[in-house]
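The values are calculated or read from the model by the stated rules, or taken from the named source; none is laboratory data. Note that this is a predicted model, so its numbers are computed, not measured. Here the Cβ is made from the backbone with ideal geometry for all residues, glycine too, and neighbour counts use every protein chain on show. Ligands, DNA and RNA are stripped out before the accessible areas are found, and what is left, the full protein with its side chains, is counted by its heavy atoms. Shrake-Rupley method; radii C 1.70, N 1.55, O 1.52, S 1.80 Å.
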Amino acid sequence: MHGLPTPVVAVRLGVDGIPRTLWLKLEAYNLYGSIKGRTALALWQDVEPRIDRDIGVIESSSGNLGLALAAIAAARQVPFTAVVDPHIGDSLLHDIRALGARVVSVDIPDSAGGYLLNRLSYVRERLHREPRLVWTDQYTNPANPIAHARWTAPELHRQTAGARMSVLVAVSTGGTLAGFRAFASDIGADWELVGVDVTGSAALGGVPGRRLLSGIGASRASAFLPEGHRPTMYVTADEAVSTCLWLDQRAGIRVGSSSGALVAAALRLFHAHPERGSVACLCPDGADRYSDTVYSADWRSRQKIGESDIGRGVEVEAPVPAQRIVRLPAPVRGEEDR
């Protein structure tokens with residue numbers, strides 16, 4: 001059971017004078033505050049038979065998955081270690097520790113310009129020293145994409161009544177996008193699936209380099225998408241952060257940095273393709289986890305984040321719940337319990 005469906009809102013736009021619809025699926029309303037709540041539940045269910053309650057569980061995380069696993073472990077009184085890096089926000093780090101998790105911060109950059117490779121090296125060292133320690137392994141465990149093929153993608157498809165549209169998915173491990181691909185292929189969904197990544201990420205075959213934002217991008221290629229994905233769009237940190245601020249100011253919707261990257265890509269698609277009427281963004285989390293980064297003027301100044309003219313040529317109407325725009329089909333019997 002993965003909890004109640006997260007809401008979808010539709011933001012009516014005029015882009016270059018043409019009416020468009022931007023669908024935002026707000027995963028901040030998910031259990032544990034992000035889309036990673038779904039992933040964490042699936043991973044935990046997969047490894048639970050192997051967990052030693054005295055030894056516990058370990059995972060490398062940029063933040064959201066660490067928080068979700070920390071909450072699950074705390075509820076079951078199982079020790080949990082979150083392996084993080086300096087990109088994690090202070091508030092998120094505080095919440096993980098408040099749940100009783102042990103936090104190990106890896107602060108030495110890896111050869112790809114990020115921290116992921118060194119975080120994984122630490123996890124493997126711990127597993128070598130403690131063979132009974134269980135790694136949920138969000139990077140290769142098939143439970144990751146399966147969660148989104150069974151839960152997230154069908155939910156969005158239902159909420160938008162199977163409408164033809166482009167669906168934008170942010171990439172880090174690649175599990176969410178792989179799950180959406182599997183679902184769309186299985187049922188023949190009329191979707192154009194677009195992977196969205198940040199410059200400096202190697203997740204979908206890009207050139208690795210320095211990255212500022214958490215929750216999107218990776219220092220290595222996704223194991224779930226070894227041949228990459230087409231189409232893929234790359235967004236800069238400046239564009240992602242500027243879009244977060246623009247969406248807050250113009251639509252009153254506050255999202256995290258990976259969601260900002262998605263909306264930036266969506267607006268770019270609208271500008272480039274006048275015939276494109278609808279784009280959906282799977283927004284992984286909300287602004288609450290970025291108060292000391294994206295939404296902090298001091299942080300933006302320190303990181304030399306520049307302003308982007310992302311809102312050029314875009315007029316925004318007030319967002320409305322998706323239910324007011326489409327008729328939602330009744331759930332398939334038993335589907336809500338998958």
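Hey, what's the Cα Rg ratio for the stretch 141-253 versus the globular rule of thumb, 2.2 N^0.38 Å?
Working it through for the stretch 141-253, the quotient is 1.10.
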What whole number of Å gives the distance from the Cα centroid of the stretch 112-156 to the Cα centroid of the stretch 171-212?
16 Å
Scaled radius of gyration (Cα, divided by 2.2 N^0.38 Å) that the stretch 187-328 gives:
1.08
Taking every other residue with Cβ under 14 Å from the Cβ of A264 and scoring Lys and Arg +1, Asp and Glu -1, one gets -3
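If you add up the charges near R276, with Lys and Arg at +1 and Asp and Glu at -1, over every other residue whose beta carbon is less than 12 angstrom from its beta carbon, what do you get? Walk me through the intermediate numbers first.
Numbers: positive: R20, R164, R268; negative: D16, E192, E275.
Result for the local shell: 0.
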Candidates A170, A112, A98: whichever shows maximal mean-square fluctuation once the chain is modelled as a Gaussian network with Cα springs under 10 Å:
A98
Given a 1.4 Å probe, how much area per residue of the chain is accessible, in Å²?
42 Å²
Nearest-20 debye value, the stretch 181-325 charge dipole, Cβ charges on Lys, Arg, Asp, Glu:
340 debye
Report the residue, chosen from E27, E239, E48, that carries the largest GNM mean-square fluctuation when the chain is represented by alpha-carbon nodes joined by springs under 10 Å.
E48
Rounded to the nearest 500, the 222 nm mean residue ellipticity computed for the chain from DSSP H runs (n ≥ 4, each -39500 (n - 2.57)) alone is -10000 deg cm²/dmol
Strictly greater than 18 Å: what percent of every Cα pair in the stretch 53-110 meets that?
24 percent
Just reorder I35, I18 by solvent-accessible area, largest first, 1.4 Å probe, all chains present.
I18, I35
Per the Kirkwood treatment, what hydrodynamic radius in Å, one decimal, follows for the stretch 10-143 from the mean inverse distance over all distinct Cα pairs?
16.1 Å
Based on the alpha carbons, how large is the Rg to Rh ratio for the stretch 191-231 when Rh follows Kirkwood?
0.96
For V196, the net charge from surrounding residues (Cβ-Cβ under 13 Å; K, R +1; D, E -1) works out to -1
Ignoring ligands, DNA and RNA, what percent of the accessible area of the stretch 189-315 is carbon or sulfur (1.4 Å)?
47 percent
Ordering K304, K36 by how much accessible area each has at a 1.4 Å probe, largest first, what is the list?
K304, K36
Using protein chains only and a probe of 1.4 angstrom, how many square angstrom of T81 are accessible, to the nearest 10?
10 Å²
What does the accessible area of V78 come to, in Å² to the nearest 10, when a probe of 1.4 Å is used?
20 Å²
Cα-based equivalent ellipsoid of the chain: semi-axis lengths in Å, sorted from largest, via gyration tensor
31, 23, 18
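Can you sort R230, R220 by solvent-accessible area, 1.4 Å probe, largest first?
Order by accessible area, largest first: R230, R220.
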